[in-house]
1. Using +1 on the beta carbon of Lys and Arg, -1 on that of Asp and Glu, and nothing else charged, what's the dipole of segment 55-205 about the Cα centre, debye to 20?
2. Which is the longest part of the chain that has none of the GluC sites (Glu not before Pro) sitting in a DSSP loop with at most 16 other Cβ atoms within 10 Å?
3. Need one number: % antiparallel among DSSP beta bridges in the chain, to the nearest 5.
4. Regarding segment 3-53, what are the three Cα extents along the principal axes, ordered largest first, in Å?
5. Suppose a student asked you for the relative contact order of the chain, using Cα pairs under 8 Å spaced at least 6 residues apart; what percent would you report?
6. With each label point set 7 Å from Cα along the Cα-Cβ vector, what nm distance links residue 96 and residue 182?
7. If you line up the Cα atoms of segment 76-174 on their principal axes, what length do they span on each, largest first, in Å?
8. Which translational diffusion coefficient, to the nearest whole µm²/s, is obtained for segment 15-132 from the Stokes-Einstein equation, given a Kirkwood hydrodynamic radius over C-alpha pairs, 4 °C and 1.567 mPa s?
Amino acid sequence: MFGAHVFRREPVDGTGLVVVGGDLRPRHLLEAYRAGVFPWYEEGGPVCWWSPDPRAIFELSDFRVSRRLGRTIRSNKFRSSVNQDFAGVIRGCADRPEGTWITSDMIRAYETLHRQRVAHSIEVWHQDSLAGGVYGVAIGGFFAGESMFTRVRDASKVALAYLVARLKERGFRLFDIQMLTEHTARLGATEISRASYLARLAEALAVNTQFP
């Protein structure tokens, strides 16, 4: 039976791959997140589940908005919202010329989680059009940031700053972004060991808070 015990396995190699197979049913996704595991695979391939070491996070207490971004936020060029267009945000994240890991099955799965009030989106609007955003999964005091996108310069950064402020306001303990990239590193993301991540995940899951 494909279930929680599968996600408790140690990664099979240095890549962080835990298991191949299964599906994206909501209970499987939630079991995976609670075990520190997330899905990542290509369209047409089997579902691959990962728990990399090290793990990338944003430290909420250390997140800093640059002077330029602060000016952009204060200029009111953009308007931010929560859960107003989850479908638009996840499809915006999937719309990448270089290809995407956000498969059609994944879109359907996370839209189901959104209807169950587990997956959430931050939208950033410019002149009444969706200019950027970010989406992820919230469980207890844990938020797993899945992806972000931008159509207007700085829109994704505005979304991220809005998201971090919301997480801090509601007492979230852990903001996971899975793997470090050059882009997220420039925004202040850092890496911690898998063991440290799992310990902090357990503490975050025990927190009683709500994202919306």
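Readers should treat all values here as calculations from the given coordinates under stated rules, not as data from a laboratory. As the structure is a computational prediction, the values presented were derived from the model and not from experiment. Note that each Cβ is placed from the backbone with ideal geometry, even for glycine, and that neighbours are counted across all protein chains shown.
1. Roughly 540 debye, rounded to the nearest 20.
2. Formally, the longest exposed-site-free interval is 99-212.
3. 90
4. Here the Cα extents, ordered largest to smallest, are 25, 24, 13 Å.
5. Contact order relative to length: 24 percent.
6. 1.4
7. Taking the Cα atoms of segment 76-174, the three principal extents are 35, 32, 21 Å.
8. D, rounded to a whole number, is 78 µm²/s.
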